[in-house]
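A.B. asks: Quick one: structure below, then a few questions.
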Amino acid sequence: MIGAILRAQWLSMRSFSMGSKRSGMVVSAIVGAFFYGFWLLGAWGLEEIFASAEDSVWLAVWLPVALLAVMLYWQIAPVVSASLGASLDLKKLLVYPIPHEKLFQVEVLLRLTACVEMLIIVGGIATGVMRNSEVGGGIVAVPRILVVTLLFIILNLLIAAGLRNLMERMLLKRSLREVMVVLLILVSVLPQLLIASKVNPDAVTHYLPAAVYWPWGAAGHLMLGIEWLAATVVLLASIALAYAFSRWQFAISLRFDPASANRRVLALDESQDRLSLLDRACRVPAFLFADPLAAIVEKELRSLLRTPRFRLVFGMSCLFGLLIWTPRVLSGSGGKATSDHFLTMVCVYGLVMLGQVMYMNAFGFDRSAAQAWFSLPVSFTRVIVGKNVAAAWFVITEMLVVVAIALVLPIRKSPVLVAEAVVVTLVSGVYLIAFGNLSSVYFPRALSPEKVTQGGGSRSLNVILVFCFPIALLPVGLAYWARYVFSSDVVFFALLAVAALLGAVLYWIALGSSVEAALVRRERILNELAKSDGPVSIG
Amino acid sequence: MSPAIEVHDLRKVYEGRAAVDDLSLTVPRGSFFGFLGPNGAGKSTTIRMLTGLIPADSGTIDLLGFRLPEQDMEIKKRIGLVPDESLLFDRLTGLEFLEFVGRMYALERTQARRRAQELLELFELGDERRKLIAGYSKGMRKRVAMAASLIHRPELFLMDEPFEGVDAVGARLMKDILLDQVRHGATIFLTSHVLEVVERLCDHVAIINKGKIVREGSMAEMRSGTETLEEVFVREVGAERAFERLEWL
């Protein structure tokens, strides 16, 4: 039965990948090699550290802490990166007489897909501990360490499965979604906040949760062969609790009706006041442009503002950069460069974040309705320009929010710094949107508006983005380089003006190319946008 | 006057298999044309080629005297489309979507809004006009799609299974509207699996099977003698009682 589910998924994925070009797969493999190479390097470093550690007290503190870090990353990173990995699409499977326990087992196993890199890291840590001659038992300790490592992985898989089910449901609730994401972001920047608040490192070390009564502490102690009785009890009890939690969440998800939750969200949109407020905001383009452009921009603004996935990313684009860099600026740990370019960095960071749900995959949320753009009597150039204008509207709004927040923060600010942030973001935006127009027609991918945990683009698009962002930001980088060399703001802004002109030319060329490509590739674009997942939905 | 639809030697191949194989077809203006065929026969592919959503590998398509794809904008202005897959933007309300479509067809905003409101009332969706389309049922979505196809008073309607998922009352309303449009000179080209509907509405019929037209003519020619359209259809597409071969069923 499990085999049948996985086979159905494999067949679905095979039909997806058949459309992708071999060149894209090669680039994808290269980027994958870099990504996993990075984690392998980290695992090797940790292996060396734990293999050569001689102080047993140090090991008893830092091994649990390393396992805690693994656990935090495993549980939080998929949520913060809005990519929870693969999971069962229960709606498609519940109609079959499959025992729920089997579905639960598959769901837990699929959690392996969310954090492969942590398996590598855990492997590195475990190997390091095995190699350490200070750890009692020598070769005899190897089976024990392997078993503990396996139990630690099972613990994480169970917690991750439970959390995923919980998150998926909670993220459907409009009021909770944004709050939860902000909380998760705060957790992820906690170390920086601690640094910014200049907490004594010794004090932090003293309060590190490395004791045996923590699950990661128990796993660490068992690996080291100390306090084994208490550690075994704690670890097994933790796994039992994690299983109960995960099973409980899975049972709730089985009964959960997303359509009903959606209906509540949609019902909120029926509120007269909310609509009229939205109407006012969305009607602004009608004063600036004529139809059909005004109608397209208006449609885009309305649709995106009502798309949970977009709203979430937009909120993150306004806050995430501030949360990351404000502590560094306040503490002075980021240096003068961070302080001087704080606003610019935050604004550009927000611009980049918006890419995958907006300009880099402009037809993603339209899904099969994108065929309207090919059947309505409007030129495709206008369609793309309309989408770009809407994107610019959101980028400008994001900048205004960031600047407004930054103005009340106790950081260095001046009209020149604000102007720099605005100009740099807009110039970078022109380049990114130009690339985005091409990627939208070459690498389209249907995005679920409700599924806030779905990744933004296809694998090929993600690969392209890795190369695209540095190239797009290169002209602005050159302007900064010139300012550094010539120590002149005039040179800097003059080069930014040149970059803007070049960007406009690039935009124009890219627009023409994307329109041409869209018309030639329309069948493939529509097929891509109409695709749905197999029994396992890919996060 | 040129025919509403004139197609010559239309061909579309997918992975070496012809979905539409040298199809030629003429649909006179003012006719109610039923395009029938079993699943996978090539109906939707044909209609998607007629709407310009997918390019033909070879052959010519003329709609209302204009050639595709060269004069696609002239054609798009004059046709109303109800495709099999939804072309509705889920995050707009029914009213906003219809107004948007009207503005795409160069109607003034106020005119588009007025027509949108009237169409929603006509299709009994007035109470749902503030609800996002994402929350509509399948039948309601079909009604909105139908309303959208009417907003600019097209000369030619291309419809792929327009009554699918629509309740009896809604289907009756849609049929009445379509018949009225034909009386006013519009041409309707529709696919449907419900042969009774086609038999009652259409004056011309073509049956496609494995990408080829196997039978074409007026409804009267089709039903020569006492044969129903269903009997003609089953005979032409070669359906058989295959389930009888499965002993366990």
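A.B. asks: Whole Å is fine, so just give me how far the alpha carbon centre of segment A:391-431 lies from that of segment A:488-520.
C.D. replies: Using only Cα atoms, the two centres lie 20 Å from each other.
A.B. asks: Once the Cα gyration tensor of segment B:53-201 is found, what semi-axes does its equivalent ellipsoid get, as square roots of 5 times the eigenvalues, in whole Å, sorted largest first?
C.D. replies: Values for segment B:53-201, descending: 24, 20, 15 Å.
A.B. asks: Kindly give Rg over Rh for segment B:138-181, based on alpha-carbon atoms, with the Kirkwood expression for the hydrodynamic radius. Write down the numbers at each step before the final one.
C.D. replies: Numbers: Rg = 9.8 Å, Rh = 10.6 Å.
Ratio value, two decimals: 0.93.
A.B. asks: Under a no-solvent Debye model with one identical scatterer per Cα of segment A:299-396, what's log10 I(q)/I(0) at q = 0.13, 0.22, 0.24 Å⁻¹?
C.D. replies: -0.54, -1.07, -1.20
A.B. asks: Would you give the gap between the C-alpha center of segment B:58-86 and the C-alpha center of segment A:114-131, rounded to a whole Å?
C.D. replies: 60 Å
A.B. asks: What translational diffusion coefficient, to the nearest whole µm²/s, does segment B:93-136 have by Stokes-Einstein, given a Kirkwood radius computed over alpha-carbon pairs, a temperature of 25 °C and 0.890 mPa s viscosity?
C.D. replies: So the translational diffusion coefficient is about 242 µm²/s.
A.B. asks: Another question, if that's okay. Using a Förster distance of 22 angstrom, determine the FRET efficiency expected from the C-beta separation of B:Glu118 and B:Arg29, and round it to 0.05. Let's see the in-between values first.
C.D. replies: On the way: r = 27 Å, r/R0 = 1.21.
Efficiency at R0 = 22 Å is approximately 0.25.
A.B. asks: In addition: Which net charge results when you count Lys and Arg as +1 and Asp and Glu as -1 among the other residues whose beta-carbon is under 11 Å from that of B:Val7? All intermediate terms of the calculation are to be shown ahead of the outcome.
C.D. replies: Details: positive: B:Arg11; negative: B:Glu6, B:Asp9, B:Asp22, B:Asp62.
Residues near B:Val7 contribute -3 overall.
A.B. asks: In segment B:1-111, how does Rg compare with the Kirkwood Rh, expressed as the Rg/Rh ratio over alpha carbon atoms? List each step's numbers first, then the result.
C.D. replies: Details: Rg = 15.8 Å, Rh = 15.6 Å.
Rg/Rh: 1.01.
A.B. asks: Which pairs in the list B:Lys77/B:Lys212; A:Lys299/B:Lys77; A:Lys531/B:Lys12; A:Lys387/B:Lys77; B:Lys138/B:Lys212; B:Lys76/B:Lys138 are over 27 Å apart, alpha-carbon to alpha-carbon?
C.D. replies: On the way: B:Lys77/B:Lys212 29 Å; A:Lys299/B:Lys77 20 Å; A:Lys531/B:Lys12 21 Å; A:Lys387/B:Lys77 22 Å; B:Lys138/B:Lys212 31 Å; B:Lys76/B:Lys138 25 Å.
Going by Cα-Cα distance, B:Lys77/B:Lys212; B:Lys138/B:Lys212 fall outside the 27 Å limit.
A.B. asks: Connecting C-alpha atoms closer than 10 Å in a GNM of chain B, tell me which of B:Glu99, B:Glu231, B:Glu216 has the biggest fluctuation.
C.D. replies: Comparing B:Glu99, B:Glu231, B:Glu216 in the GNM, the peak value goes to B:Glu231.
A.B. asks: Another question about this same structure. What is the diffusion coefficient of chain B in µm²/s, taking the Kirkwood radius over Cα pairs and the Stokes-Einstein relation at 25 °C with a viscosity of 0.890 mPa s?
C.D. replies: 129 µm²/s
Any read-out appearing in this document is the output of simple, stated calculations on the displayed coordinates, not a laboratory observation. Please read all numbers here as calculations on a predicted model, not as lab measurements. When we count neighbours, we look across all protein chains shown, and the Cβ atoms used for this are built from the backbone with ideal geometry, even at glycine.
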